[in-house]
Every structure is written in structure tokens, then in C-alpha cells.
Amino acid sequence: MSSSDTFDIAIFDGDGIGPEIMEPCCELLHLACTRVNEFASERTLTLNMQSLAAGAAAYQHHGDALPRASLEAARKADAILLSAMGDPAVRYPDGTEITPQIDLRFELALYAGLRPVRSIPGVPSPLADPRATHIDFVLVRESIEGLFAPQGLSKMIGDEQAEETMIITRAISEKLFNTTFALAQRRHNDRRAKGNSAQARITCVDKANVFPAFAFFRKLFYEASTRHNQNNNASLSAALIDHAYVDIMSLNLVCHPWDYDVMVTENMFGDILSDLGAALIGGMGYAPSADIGDNHAVFQPCHGSAPDIAGQGLANPTAMFLSGAMMLDWLADKHDCKGAALAADLLVRAVDTAFATGELRTIELGGQSKLNDVFNAVRQQVSALNIDVS
Ligand code: ATP
């Protein structure tokens, strides 16, 4: 990054609906930077984007789903923006699907998957309860171990038995929980700054009653909680730092998701619960995510490449746009860059304002709004909304 706040962004536009949603996202990111630069002109915010090959198409063309040159370029970038990769019709010889987005997590040690689940005004939830308009929690999914860890260690015993192994390490769990408590603290502080007195609630989701690996996971969670409060003057209420089994949490998330704030869980549980979370706020097209490590971060929508609707302009690009906003927010935090924070905030407000009237209704919700309708409505707001630089 130069002194003028220039960030190099590696772009993976992937497969299926990936390129369709990435192109408008990049346009909005540039537009948000331009708007911010009009107001805060002393430091110019610029995103240098470089498109990189990876995914099912790359595998077909080069025999490699994540070419080394792409990986090395991504490693050097300030952040990585990814749409969706994979195609069920393109598989490795053993029958498994191409998943370079998962390979990237391992290569770059992106242990913390942040999956915000926030109701967007005007987007209906399948829950009839009016409190569903207040859903606002983050699921933190451990992303390089758990049941996904032993890639290559899966074992077949003849045609009679299949075995998988779950791995929980202290090293990764401590980083995961430190990230979780730091996130909860930030949300707590941000709410305080807006005059909202709601306390942070942090919930460890596990299956500690059955598996020793989860009892260990939970023990490390409470160790991190003690550590966090010792280092931060007991700033988070211990009464709201709790745990729940994944089965009852599935029920709770349907019955009263508005009660949760930050949840942290193992890789496979997080994979499943994040789709449940997406359903609560309108569907996969509304669920952004970030995969964070010590040195790198990838931002991408929670959904896959949706080949069934690819090439028709039907995909909902909102999760992609919000993932772009998460990237700006992360860059702002990491580099203490006010311009990036303003651009992130502008993009989120633009999405919220575009949907708030209730006129936009995406295809996945039974409406008629296509990709370009959403894009145009959000672009209009990015162009028009005020920016408060104070
Ligand atoms: P992966 O395993 O790669 O995450 P998946 O099997 O979960 O993929 P997705 O590609 O995420 O499948 O999508 C499941 C279905 O949800 C798609 O077939 C598509 O109909 C719908 N869908 C996903 N993303 C979107 C989107 N952005 N807009 C509209 N519909 C979507």
C-alpha cells in the first residue's frame, strides 16, 4: 500500500454466476472510492484490481484449478475478492468437485470465516415474527480444520467403510477465539458509539456432550474469554459469554435468531449453520463472507457458482456487493484508512437504501428483479448518498 491509500486487489471471478456478479461489484467498488475521494480529497483511495485465473474453467484449460501464478499473485495482493468457483460437471478423477476457494483457505491459513447474517430493510425473511427485521449476528466459522482439516486423510476401507477425521488444535482455536472476541468487542463498541446499550453476546456452538474434540474446543473458548476480559478490563459481560449444542442452536436460530450477536463454531457446523443464517435473511444471494488469516483475507459471497441460473442475468449480486464492502472495511481496519471505511459504509448504506422501499424483489424470493435491476438501484444510491467525513 502506498501513502496515497492504493490497495492491490486480486480478483477471482470464477465460474457459473461468478463473472456476472463480479463485474458490477468491481464497478461499485471503484465508484464508492471515487465518491469518497470527492469528499475526503487529502488522501486518494484507489483499488488496483488484477484478474486471476482459477476454478473449474481454469482446470479445464490449464489442468490446474488454482494455478501457481494466480496463487502467488493473490499472496502479494492487499486483499482477495472472489465470487464463486466450481461446476458439478467438472470433477477431479476421484469424482470430487473443484474447490479452489477451499484450497485458498488452506494455502493462506485463513482460519476465521466471518459470516454476517443481517436483515436488509425491505428484504422479507421467511420468519413472520416482526423481530426478524432486527436479525443481526455474525457466525464465525473455523475454516481450515475441524471436519474439513484432513484433506487427503479420508480413508476408504475397501467398499465397506469410509472414515473421516476431525482435528481441533490449540494453535488455530486460540487464533479463532481471539478473532471472535475482538469482533464482539468491536461490535459492542460500535453499538455504544451509536447510543445502543445492548451488551455483546458470544456463543460457542459445539457438541461437547458427545465428542472430546468439542469439549476441548469449548475449554479453549472459555480460556480465550478470560484472556480477553483480563486484557480489556472485563469489558464483555461474562454472563453473556455462553455455549450451546449445535442441534439446539439450529432450533434457536429459527425460533429467535434476533437474540444472538456473535457465534463461533467448528468448520462443518459453520458450513451448515451459515446456510441456515442466509435463509433467515432472504437467501444465499444476501449472505456475504470473509475468510481471515494473520496475513491474508479473502472476501466472497457464501453461495456457490449456481450453474442452474448462470448466464441469464438472474443471479442476486447483493452478497457479492456486501462482500466487497467487508473487504473495504477490513482494509480500513488493517491500514487505518478512513477513506476505505467511508467507502465500505457507503456501499452498505446504498444496498440498504436500494432495498428499503420493498420494490426490488429478487428472483430467489419469487420476484422479478434481475441482476441488473439490483445493480442499477445500488449504483444509483452509491452515486447519490451523502458521505459524512466528520
Ligand atoms: P457450493 O457447494 O459451491 O457452495 P451449492 O451447492 O451450495 O454450492 P449454490 O451454488 O450456492 O449451491 O446455490 C444453490 C442454489 O441457490 C443455486 O442452485 C441457485 O438456484 C441458488 N442461488 C445461489 N446463489 C444465488 C444467487 N446469488 N442468486 C440467486 N440464486 C442463487
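Values computed for the structure shown
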read-out	value
Only one of Ser143, Ser173 that is in contact with a strand residue (DSSP E or B) (Cβ under 6 Å, 6 or more places away or on another chain) and more than 28 Å from Arg349 (Cα to Cα)	Ser143
The range 1-22: number of residues that are in contact with a Phe, Trp or Tyr (Cβ under 9 Å, 6 or more places away or on another chain) and more than 13 Å from the ligand (Cβ to nearest atom)	1
Exclusive hit being among the small types (Gly, Ala, Ser) and in a strand (DSSP E or B), set Ala10, Ala89, Ala65	Ala10
Residues that are touching a residue at least 24 places away in the same chain (Cβ under 8 Å) and either surrounded by fewer than 14 Cβ atoms within 10 Å (Cβ to Cβ) or in a helix (DSSP H, G or I) (or both), drawn from the range 360-380	Ile363, Glu364, Leu365, Leu371, Asn372, Val374, Phe375, Val378, Arg379, Gln380
Subset of the range 183-209 that is among the hydrophobic types (A, V, I, L, M, F, W, C) and at pLDDT 95 or above - its residue that is surrounded by the most Cβ atoms within 10 Å (Cβ to Cβ)	Val205
Qualifying position, being within 16 Å of the ligand (Cβ to nearest atom) and touching a Pro at 6+ places or on another chain (Cβ under 6 Å), among Leu276, Leu280	Leu280
Residue in the range 1-48 that is farthest from Ala297 (Cα to Cα), counting only those that are touching a strand residue (DSSP E or B) at 6+ places or on another chain (Cβ under 8 Å) and of a type in the set (Asp, Glu)	Asp5
In the range 93-112, the residues that are part of a loop (DSSP other than H, G, I, E, B) and within 13 Å of the ligand (Cβ to nearest atom)	Thr96, Ile98, Thr99
Restricting the range 331-371 to residues that are within 16 Å of the ligand (Cβ to nearest atom) and among the polar types (S, T, N, Q), the residue that is farthest from Leu385 (Cα to Cα)	Gln368
Subset of the range 102-111 [under 14 Å from the mean Cα position of the chain (by Cα) and surrounded by 24 or more Cβ atoms within 10 Å (Cβ to Cβ)]	Tyr111
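For (1) within 11 Å of the ligand (Cβ to nearest atom); (2) without any contact (Cβ under 8 Å) to a residue 60 or more places away in the chain; (3) more than 13 Å from the chain's Cα centre (by Cα), each residue gets a yes or a no:
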| residue | (1), (2), (3) |
| --- | --- |
| Ala287 | yes, no, no |
| Asp291 | no, no, no |
| Asn295 | no, no, yes |
| Ala310 | yes, no, yes |
| Phe321 | yes, no, no |
| Met327 | no, no, no |
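Yes/no per residue for (1) assigned by TED's automatic domain parsing to the domain that holds Asp261; (2) closer than 30 Å to Thr99 by Cα; (3) at pLDDT 95 or above:
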residue: Ser119; (1), (2), (3): no, yes, yes
residue: Phe137; (1), (2), (3): yes, yes, yes
residue: Pro150; (1), (2), (3): yes, yes, no
residue: Met156; (1), (2), (3): yes, yes, no
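The values are calculated or read from the model by the stated rules, or taken from the named source; none is laboratory data. All values reported here derive from a predicted model rather than from experimental measurement. Positions of Cβ are generated from backbone atoms using ideal geometry, with glycine treated the same way; all protein chains shown enter the neighbour counts.
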